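K.L.:
Pasting a structure here, questions to come.
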Amino acid sequence: MTQTAPITQDVLTIPRKMPEGPMNLVGLTREQMREVLIAHGTPEKQAKMRVGQIWQWIYGWGVRDFAEMTNLSKAFRAELAESFVIAIPEVVSKQVSEDGTRKYLVRIAGGHEVEVVYIPEETRGTLCISSQVGCTLTCSFCHTGTQKLVRNLTAGEIIGQVMMARDDLNEWPEPGAPKDETRLLSNIVLMGMGEPLYNFENVRDAMKIAMDPEGIQLSRRRITLSTSGVVPEIARTAQEIGCQLAISFHATTDEVRDRLVPINKKWNLEVLLEALRSYPKVSNSERITFEYVMLKGVNDSDADAHRLVRLIEGIPAKINLIPFNEWPGAPYERSSNNRIRAFADIIYNAGYASPIRTPRGEDIMAACGQLKSATERARKSRREIEADAGLGG
């Protein structure tokens, strides 16, 4: 393949006007919620307690109506309803794959749309959430990367995707009911639209809400953040979020990675691997996941596998091998099953776990690397999509 992807766009968060009217409480940290309650007249001595009560209703039980918050006085509930709302992204459409995967198109403030995917498995249910509308990156094998960045999502829009999925799965516990430890939504992966580390603060605040012990209560070990390699923010991820880390790696030479993951031109393999070796949370019990999409004739040779093993030496790691999920106008083809297995065997024999990811939701364009909002797809002709992918003549 001779196609080249454009270098990473300079990061630009489009400023947006906050909506007029009542403030949304979803996405505020506990401290932020305390401050806004005080600003709206709650006595300082009561504010922390009030935050705890409201937090439990919103994130513990999924309540969106202040009138239902029965341990608050009627007068206080009325005051809250005047100044605040509890709002999450609106579901525009839902598709269900033959394998049970659910793909949601959700609308956020400003009329923008992002995609969210729920993947049920025997032992867990994983929600793949988005952190940006579009993407700052231009990875040439990724469909989302053909869509320009519109803006970062707010913390409320990020955690709102989790709340939306819990609504759809009917998974909010009843107040006072016995605790049920089984979870339909047990894991979160930040692998949807966007580069999470280019929206660090909002991602951090949303994940802190997801992990809060008095709300959604997900363990930090059940949250995985996937980055293409924004090196300056990698250590912060361990220190300020504490979740699991995955790297969109995909190549074993700078020449090939420059083409596949153009951010490599800013932070090359050597710099990235140095950051990973010093990652504060890396250990045998908390390995870094290297994601590696298998592209026929591009990065799938035995030499690539041996080089990959040498590159990650000394890093507690597992390598997720991802058969390429093709999309209209994609400039690559999926490696054969035999080639993928041979690649996996080399890695496994070197002492690393090398699971081959089973593509999920391909029939509804919900598989890894395929996310791109339906409205964006509908607006573009096949020729335009091919041009975006670097195939235009």
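K.L.:
For the range 183-264, what is the accessible area per residue in Å², given a 1.4 Å probe and the full set of protein chains?
P.N.:
On a per-residue basis, the range 183-264 sits at 28 Å².
K.L.:
Please give the solvent-accessible surface of Glu44 in Å², to the nearest 10, using a probe radius of 1.4 Å with every protein chain present.
P.N.:
Its heavy atoms expose roughly 120 Å² to the probe.
K.L.:
Using a Förster distance of 51 angstrom, determine the FRET efficiency expected from the C-beta separation of Tyr348 and Leu169, and round it to 0.05.
P.N.:
0.90
K.L.:
Also, I was wondering about something else. How much of the accessible area of the range 165-222, probe 1.4 Å, is carbon plus sulfur, in whole percent?
P.N.:
Carbon and sulfur atoms account for 45 percent of the accessible area of the range 165-222.
K.L.:
Then there is this: Say the cut-off is 24 Å between C-alpha atoms; which of Lys179/Lys208; Lys208/Lys265; Lys296/Lys318; Lys74/Lys208; Lys45/Lys74; Lys103/Lys265 go over it?
P.N.:
Beyond 24 Å: Lys208/Lys265; Lys74/Lys208; Lys103/Lys265.
K.L.:
Here is a further query. Counting only protein heavy atoms, what percent of the accessible surface of the range 53-138 is carbon or sulfur at a 1.4 Å probe?
P.N.:
C and S fraction of accessible area: 47 percent.
K.L.:
Using modelled amide H (1.01 Å from N, peptide plane; none on Pro or chain starts), what sits under 5 Å from the amide H of Gly134, excluding residues fewer than 5 places away?
P.N.:
Distant-sequence amide H within range of Gly134: Val150.
K.L.:
Now for a different question. Work out how much length Val91 to Gln217 would gain on full extension: take 0.36 nm times their residue separation and subtract the Cα-Cα distance, in nm to one decimal.
P.N.:
That works out to 43.0 nm of additional length.
K.L.:
Quick one: length gained pulling Arg339 to Thr253 fully straight, 0.36 nm per residue minus the C-alpha distance?
P.N.:
29.1 nm
K.L.:
Heavy atoms only, probe 1.4 angstrom, no DNA, RNA or ligands counted: give me Lys208, Lys103 ranked by accessible area, highest first.
P.N.:
Lys208, Lys103
K.L.:
In what order, largest first, do Trp61, Trp172 sit by accessible area if the probe radius is 1.4 Å?
P.N.:
Descending order: Trp61, Trp172.
K.L.:
Suppose R0 equals 35 Å. What FRET efficiency, 1/(1 + (r/R0)^6) with r the Cβ-Cβ distance, do Glu313 and Arg107 give to the nearest 0.05?
P.N.:
For R0 = 35 Å, the calculated efficiency reads 0.15.
The values are calculated or read from the model by the stated rules, or taken from the named source; none is laboratory data. The model shown is predicted, which means the values in this text are computed figures rather than measured ones. Note that we place each Cβ from the backbone using ideal geometry, even for glycine, and neighbour counts take in every protein chain shown. To get the accessible areas, we keep the full protein, side chains included, count just its heavy atoms, and leave off ligands, DNA and RNA. Shrake-Rupley method; radii C 1.70, N 1.55, O 1.52, S 1.80 Å.
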